[in-house]
1. Within region 177-202, can you find the residues that are under 14 Å from Ala238 (Cα atoms) and either at pLDDT below 90 or surrounded by 15 or more Cβ atoms within 10 Å (Cβ to Cβ) (or both)?
2. Just name the residue that is nearest to the chain's Cα centre (by Cα) out of those in region 143-158 that are of a type in the set (Ser, Thr, Tyr) and at pLDDT below 95.
3. Give me a count of the residues in region 106-146 that are assigned to a helix (DSSP H, G or I) and open to solvent by less than 20 Å² (accessible area, probe 1.4 Å).
4. Quick one: which helices (runs of 4 or more DSSP H) lie wholly within region 189-270 and hold at least 2 residues that are under 24 Å from His140 (Cβ atoms)?
5. Please specify each residue of region 221-258 satisfying the condition of being more than 16 Å from the chain's Cα centre (by Cα) and of a type in the set (Phe, Trp, Tyr).
Amino acid sequence: MMGNRLTELMRSVLQRLTRTLPEAGGAAARATDEIGQGIGTVAGTASAADRTTAFDDLERQMLAPVRGQDLIRTATPDDLRRLADRMSVEDRLGAGAATDPALTEIARRQGFDGLPSLVTREQFDAAEGTELHLVTGESHAEQVISGTYPATYDPLDGSGIHLGWGTAADRPAGPGAVTLRIKLKPGARTVDVTDLAVDSSDRRAALLGAIRLLGDQSSPKVWAARKRELYAQRDVYANLGRFAALRGYDAYFANGRWVVLNRTALTITR
């Protein structure tokens, strides 16, 4: 049993590696069985107490959230323009949309679209982390657990995976609804929403200043091309969820709920 659980952990980690390093996929696949066999041998010779401690330590390390990077430092104008192009017409008009393709692409680049840790209730109760919850329909619950990146569009609090704070004891699931108990893993990179908003606003103000300065100093043709790039950056930065994901944050708290960008930072049980 111990070997099987550890093998599944290693298989999960190797799947993450092959998503981000496709060229390593063959070697990773071949290594999976060898690792599983090796772990099974070690597990069989350890004492019960040692096996429990080893598993807990390994689980904590292996299932740590994917660590995001500050893509604003490395994104090119073309990168940001392509992200802006993914925004829907409804998004641009502020009318709302069900999904956020721009955030989905940022999450893919960061590795935030990986799967959460799905555990038993006993494991969940023993785990550390900030407790959250989601009361939703069965299909959306399955999407959050194992489907495509489940972020939704929100122009106010920011696009992301929107979760209630605390337990769901005061929000019983109605007919056709299910409750997911969720924890934000220890070590998740969070940011104060006020600081996030100020950072976003300052960067957008700087972009507008650059647009005005460029208009005074450039030919109409150069100004038009560069203006489009700068406006694209501004549009992407305007949504707090996208901006936080670009900066590499896992989650932030806004208006009584958590906005999660990195799905791998979540531990979930039903």
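1. Val193, Leu196, Ala197, Asp199, Ser200
2. The extreme case among them is Thr152.
3. 7
4. By residue number, 240-247.
5. Trp223, Tyr231, Tyr237
The values are calculated or read from the model by the stated rules, or taken from the named source; none is laboratory data. Just so it is clear, the structure is predicted and the values come from calculations on it, not from any experiment. Positions of Cβ are generated from backbone atoms using ideal geometry, with glycine treated the same way; all protein chains shown enter the neighbour counts. Surface accessibility is based on the protein's heavy atoms, side chains included, excluding ligands, DNA and RNA. Shrake-Rupley method; radii C 1.70, N 1.55, O 1.52, S 1.80 Å.
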